[in-house]
Amino acid sequence: MQYEIKHLGKFKFVEEGEGEPLVLLHGLFGALSNFTPLVDHFKATHRVIIPMLPLYDLSVLDTSVNGLAKYVQKFIEAMDLNHVHLLGNSLGGHIGLVYTLKEQHKVKSIILTGSSGLYENGMGETYPKRGDYEFIKKKTELTFYDPKTANKELVDEVYSIVNNRLKAIKVIALAKSAIRHNLGDELKQIKVPTCLIWGKNDTVTPPMVAEEFKSLIPNSELHWIDKCGHAAMMEVPDEFNKILDQFLDKHKG
């Protein structure tokens, strides 16, 4: 991604375009590059903002879904944002939901794709197999319907995280926090329009998870994308953007 990284106090973020704010929250292994097609498309109509979440920089006590939701809350306050369209993938969706439950008056709509918060298949007990590139490659490929989507750059990125002892510990802490922090009982409190965009072939947060989100969030709509895994905005960006376009168009102004 060739976008400029901006700074505001302790916050680092990407900001492109003008219009209603569309804030993107990445997942546990998410990089800014995951959102490139989305930013390129929506910067023509929206003020697209991606805060760089401090997945590896928080204290041990704050390395949790709640800790990251507090960070997002402070970021949105610092940026003086209101009526935010909040989009999250995987752990980012979970963080977005926790933030929305606390600050619903700031959120205009929420978009979830492959979100945790109810159930997710983690990397499994064998996850931190440091040094085993082939193992990490196969695990990364499982994120997608088409394994070729996991290009070398992406696999290298995941591999470098797993092989950094401190980062690996933080990743495990966040993954455990996400599993413990089940939102099932709270989701009925979310009243803002919610768009669920889900890969039919997602093995990390399977289709039943999307159906449960749909049944628990009152004002929600569910859109399936066939032949698509856990990161729809990366794997099938054109179809993803089309669904999101229609949703945001209904809730603008």
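For Lys12, what is the net charge nearby, where nearby means another residue's Cβ is under 15 Å from its Cβ and Lys, Arg count +1, Asp, Glu -1?
Every neighbour counted, the sum reads -1.
Between segment 53-117 and segment 140-182, what is the C-alpha centre distance in whole Å?
The distance from the Cα centre of segment 53-117 to that of segment 140-182 comes to 19 Å.
Over the chain, with a Gaussian network built from C-alpha contacts below 10 Å, which listed residue (Leu32, Leu22, Leu81) shows the highest mean-square fluctuation?
Sorting by GNM fluctuation, first place goes to Leu81.
Run a plain Debye calculation on segment 168-236 (Cα atoms as equal point scatterers, no solvent) and give log10 I(q)/I(0) at q = 0.15, 0.19, 0.22, 0.28 Å⁻¹, rounded to two decimals, same order as the q list.
Debye curve over Cα of segment 168-236, log10 I(q)/I(0) at q = 0.15, 0.19, 0.22, 0.28 Å⁻¹: -0.59, -0.87, -1.02, -1.13.
Dipole of segment 110-214, Cα-centred, from +1 at each Lys and Arg C-beta and -1 at each Asp and Glu C-beta, to the nearest 20 debye?
Dipole about the Cα centre, nearest 20: 280 debye.
With unit charges on the beta carbon (Lys/Arg positive, Asp/Glu negative), name the residue among Pro21, Thr140, Ile111 whose Cα is farthest towards the positive pole of the charge dipole of segment 12-142.
Final value for the positive-end residue is Thr140.
In the Gaussian network model of the chain, springs joining C-alpha atoms below 10 Å, which of Gly17, Gly199, Gly93 carries the largest mean-square fluctuation?
Judging by the Gaussian network model, the answer is Gly17.
I need the Kirkwood Rh of the chain: take the reciprocal of the average 1/r across all distinct C-alpha pairs and report it in angstrom.
18.1
Express in % the proportion of alpha carbon pairs of segment 2-104 at distances exceeding 15 Å.
In whole percent, the long-distance tail amounts to 59.
First select every other residue whose beta carbon is under 15 angstrom from the beta carbon of Glu186; then total the charges, Lys and Arg +1, Asp and Glu -1.
For residues surrounding Glu186, the net value is +1.
Taking H as built 1.01 Å from N, whose amide H comes closer than 5 Å to the amide H of His223, not counting residues under 5 places away?
Counting only residues 5 or more places away or on other chains, the set is Leu196, Ile197, Trp198.
The numbers here are math on the coordinates, done by the rules we state, and not lab data. These figures come from a predicted structure and were not determined experimentally. Methodologically, a virtual Cβ is constructed for each residue, glycine included, from the backbone with ideal geometry; neighbour enumeration extends over all protein chains shown.
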